[in-house]
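Read the structure below first, then the notes.
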Amino acid sequence: LNDFTDFAKSNTSSFTATFSMYELKDDLKYHNNNFNIELYSISSFWQEGFVYENDFSITGFSNWNNASLGSNWSSSGGDFISSLSAFQTLTSGYEDINIDVTNIIKTGLTSGFNGIMIKYPSSLESSTSFLESINYYARHTHGIYNPKIYIQFDSPEIFANRNSFVLGKVQTLI
């Protein structure tokens, strides 16, 4: 994201942003139908956690209670800006995530960006009857299925100083 920040701030061209995550397909798991997955702009600093093979004892720094080593979230589950959100309805429960996050990214360019939080709606988080576990490829996968934010610029042609590169009508950055 930082690679295009200076360009986007100084350029009046418009762009769209799409967050994509790919599900690790596991035919042995049953998924619920017709529920939302939500994305929010994270409002405070945090350090990335990790989990390996569903072993949650080694989650690293960021988890449900902690934003970083020795620092709690203000609210359990993470600090986020509720007005900067997006969602996708998972009709079968086996879908990849592709959500328009343009407003989250554009706001982040002017007011700071701490990342994106993925979560279930709070009504499902507090439910005792909704049980769900979906595994998605993480950035540590080192493959083609890493989570990505696709940036698509819609701008007039912009030429490099030697006219060797053209950023045209529709270009996508990954």
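Of everything in the range 61-103 that is under 15 Å from SER44 (Cβ atoms) and among the aliphatic types (A, V, I, L, M), the residue that is most open to solvent (accessible area, probe 1.4 Å) is LEU69. Pairs linking a residue in the range 11-39 that is under 13 Å from TYR136 (Cβ atoms) and at pLDDT 75 or above to a residue that is assigned to a loop (DSSP other than H, G, I, E, B) and aliphatic (A, V, I, L, M), with Cβ atoms under 6 Å and 6 or more positions apart or on different chains, are PHE19/VAL101. Apart from one condition, ILE118 fits all of (1) exposed (fewer than 14 other Cβ atoms within 10 Å of the Cβ); (2) within 19 Å of PHE35 (Cβ to Cβ); the exception is (1). If only residues of the range 41-71 that are at pLDDT below 80 and of a type in the set (A, V, I, L, M) are counted, the one that is farthest from ASN114 (Cα to Cα) is ILE58.
The values are calculated or read from the model by the stated rules, or taken from the named source; none is laboratory data. For clarity, every value in this text was computed on a predicted model and none was experimentally measured. Virtual Cβ from ideal backbone geometry, glycine too; neighbours counted across all protein chains shown. The area values use the complete protein model at the heavy-atom level, side chains included, leaving out ligands, DNA and RNA. Shrake-Rupley method; radii C 1.70, N 1.55, O 1.52, S 1.80 Å.
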